[in-house]
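Notes follow the structure.
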Amino acid sequence: MYDKKMYQETFSVLEASENTLLEVLKMTKENKKPLRITRTALIAAIVVLMLGMATVAMAYSGAGNWFLGFFRERSGEELTVEQQQLIEDETVKIGSSITSGDITITVESALSDDYNAFILLKIEAPEGFDLGGKNFSFWSSNIDIDFRQMSGTHPVFEDENGKPNILTMLMNESVIPLPDSGFSFRDGSVRRLTLTDICNWTSDGHKITLVEGTWSFDIVFSDVDRDDSIIGSIELVKEPVYCYGSGLMGDSQKVLMTSFELRTFGAIMTYEQSPDERSEAIDFIGVQIIMKDGSAVELSPSDGQVGIFTFRLATPIILGDVDYVQFPEGILLPMPIS
């Protein structure tokens, strides 16, 4: 079982909002099937409810201003010219709105690499209606994709003019796809996002429904004509290599890394444990990306289960500017020579 303190520490690292923390705490109470997850794991409960449809108008320019400010604030540093250009170029302007139960939800824009998606929502209620600020949540949210595992954070931002009937939410979804599925957010496919019921979190970790309704949107995150050296994913493991991680008890464990895919917003790693070791999820701390200019970028632990682990980045990286990935024990994974 996983206690409240563990999840609070995990969400502190991920900078998640209070309502997201309460959501995961509640889901762990309700989850009856044991999961082998790391102490950094954030398993999102996805409930598929499909009603209605919204057609998306897509454009690729002038939509990245909000994301520029978000990544700048999250990293605490100014973005490079290249990072700013990447965000501006790759943000998809959507601007699709649906009203249900007097609540209008607009999908403003989206940004993604192969396995990470950021979806910017604006929620508007009639004047005099209080959406609950940081306690705001949906009863369920779903993107209709097949996945091995999906986790996410949904921080809420209050209106800059203090209006309680207007909120902004950023859905950040990270997907571990099914083996050999060929999945990518950026393959040009239409993805259905379905949001159900407006809720607030109570102080004791329960949801109360404010407005019943369903809001469904069709989103295309990118077309298939893209440069993978700019945004996408690159495999760094040519042959399996041994490295070290930490077990649930903090003990060092030697594992065989079989894959390491570096992405614009993070990385996904697969590994095998020795038959002599107990089967458990392993944490990998202190992994860094070394850029061609010599600077180092930390890969923060994000999520994982037995045999697989994901990392996230505070800001996007330009894959073509990466020299290699370095593990604490000196293991180096160089970028492939094109």
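Every number here is computed from the coordinates shown, using simple stated rules; none is lab data. What you see is a predicted model; the values in this text were computed from it and never measured. Cβ placement follows ideal geometry from the backbone for every residue including glycine, while neighbour counts extend to all protein chains displayed.
Miscellaneous remarks
- For peptides 120-128, 234-242, sequence by mean Cβ density within 10 Å, most packed first: 120-128, 234-242
- The ranking of V325, V211 by Cβ neighbour count inside 10 Å, starting from the fewest, reads V211, V325.
- Amide H within-cut-off set for I94, under 5 Å, with H built and near neighbours excluded: S109, A110
- Here the 3J(HN,Hα) profile of segment 93-100, calculated from phi with Karplus coefficients 6.51, -1.76 and 1.60 at θ = phi - 60°, is 7, 10, x, 9, 10, 9, 10, 8 Hz, Gly and Pro shown as x.
- For segment 246-291, the list of GluC sites (Glu not before Pro) that fall in a loop by DSSP and count at most 11 other C-beta atoms within 10 angstrom is empty.
- Footprinting exposure proxy for R186, R74 (fewest neighbouring C-beta atoms within 10 Å first): R74, R186
- The residues F70, F284, when put in order of fewest to most other Cβ atoms within 10 Å, stand as F70, F284.
- Volume of the Cα convex hull of segment 237-338, divided per residue and given in Å³: 92 Å³
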